[in-house]
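Peer 1: The following block contains the structure, expressed as structure tokens.
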């Protein structure tokens, strides 16, 4: 019988302690006691440093794909919590494997179809989930205590201009400055706070790009968002902040033609809930405060916040060519347009990726949409017609419609093949046995 092995550890520290090899050794010893079991080297699936609370594990994905192809009949693991730390995930995974004819066994407690064994398995899954949540909560509270005492950095990656100690990267007392990058940060603050310069983020980004100074990621062109992030970070004034934002559900998408994505966003946290950790300062507090004042003033005086035209479709128009959102632009009184962000973004233009879509007249487009909206509200039958079109998939993009038609054609072909195989089988059965004519006709007329 062909079998497979699955082993997993949650952290890099466990991986370094050879717990994966310990699991494999125990599983191989168990295999040695069953001469009828055969293990191929390609049927050993492992996940090093992946949490059991998530589905997206490369080793588990390969295991499920191979099980669906009937590559083996049994999956052997050391304990149920290696498969999943979430009770619901554990039940779903075992159910999926059983549906494709693959059994699951554990060394610590071999399970059978006996109701008592199944109950024990479910209880162990619930206990594993509780244990994972308990460990996560203890780690969170311990991390918060270290942050409040100033013994732990809130960074996993050092901000631009800082260098962490490779031996103790989370120790605030061992943070040092990169002399070259720190000087670039000082120049950014000096440019932005100098009253004799234009004092715009685009101007600072252009100066850095023209001087061929690499970005924090090594790119040749600086982004406005990167400059804003540097100017807004209090770490450059000597204070690293933990807990400035918290994750929350996303309420809007970047474009109507783009998916929502992971569905998470960041929401600011009140200042009194921040945790401050002292680090070496690159600029003075006065310079940092002046930069914040300039940023707030420029934000208030931005043209997008002082437009005089009320766009009917503001935030609803997207570019059909590059799928990005469009913003309202007023060239002169009476000439208002929707322009693609890919057309107006300076970084895209510098990289040669500027969108070439034409501007959409705001007044003409607004009138068309308003007429359609009035037509929909006054004609209920139109809504019914469009809902029927949506149910049959006509609202899907062309690529999805083509894929759907291809799948329907494939299913129709499989049904025809199944029908022909059934006819051949019935012909053989009828030729070897004496079925009555009514029984034979019943088999032939039975729907597939």
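The values are calculated or read from the model by the stated rules, or taken from the named source; none is laboratory data. The structure displayed is predicted, hence computed values, not measured ones. Virtual Cβ from ideal backbone geometry, glycine too; neighbours counted across all protein chains shown.
Peer 1: Which one of the conditions (1) modelled with pLDDT of 90 or more; (2) outside any helix (DSSP H, G or I); (3) exposed (fewer than 13 other Cβ atoms within 10 Å of the Cβ) does residue 168 fail to meet, given that it meets all the rest?
Peer 2: Of everything listed in (1) modelled with pLDDT of 90 or more; (2) outside any helix (DSSP H, G or I); (3) exposed (fewer than 13 other Cβ atoms within 10 Å of the Cβ), residue 168 misses just condition (1).
Peer 1: Right, here's the next one. Test residue 332 against the stated conditions and say whether it is closer than 27 Å to residue 203 by Cβ and either at pLDDT 80 or above or surrounded by 12 or more Cβ atoms within 10 Å (Cβ to Cβ) (or both).
Peer 2: Here the answer is no, as residue 332 does not meet what is asked.
Peer 1: Still on this structure: Here is a list of conditions, (1) surrounded by fewer than 18 Cβ atoms within 10 Å (Cβ to Cβ); (2) touching a residue at least 40 places away in the same chain (Cβ under 8 Å); (3) over 30 Å from the mean Cα position of the chain (by Cα), and residue 193 meets all of them except one; can you say which number that is?
Peer 2: Among (1) surrounded by fewer than 18 Cβ atoms within 10 Å (Cβ to Cβ); (2) touching a residue at least 40 places away in the same chain (Cβ under 8 Å); (3) over 30 Å from the mean Cα position of the chain (by Cα), residue 193 violates only (1).
Peer 1: So which residues in segment 90-124 are surrounded by 18 or more Cβ atoms within 10 Å (Cβ to Cβ) and at pLDDT 75 or above?
Peer 2: 90, 93, 94, 97, 102, 104, 106
Peer 1: When you go through 13, 85 one by one, which is the residue that is at pLDDT below 90 and part of a helix (DSSP H, G or I)?
Peer 2: On inspection, the qualifying residue turns out to be 13.
Peer 1: Here is a further query. From 174, 132, grab the single residue that is within 22 Å of residue 81 (Cβ to Cβ), surrounded by 14 or more Cβ atoms within 10 Å (Cβ to Cβ) and either in the same structural domain as residue 226 (by TED's automatic domain parsing) or in contact (Cβ under 8 Å) with a residue 40 or more places away in the chain (or both).
Peer 2: One residue alone meets the criteria, 132.
Peer 1: I've got another one for you. Under 30 Å from the mean Cα position of the chain (by Cα), in the same structural domain as residue 286 (by TED's automatic domain parsing), buried (at least 17 other Cβ atoms within 10 Å of the Cβ) and assigned to a loop (DSSP other than H, G, I, E, B), is that true of residue 155?
Peer 2: No: the conditions fail for residue 155.
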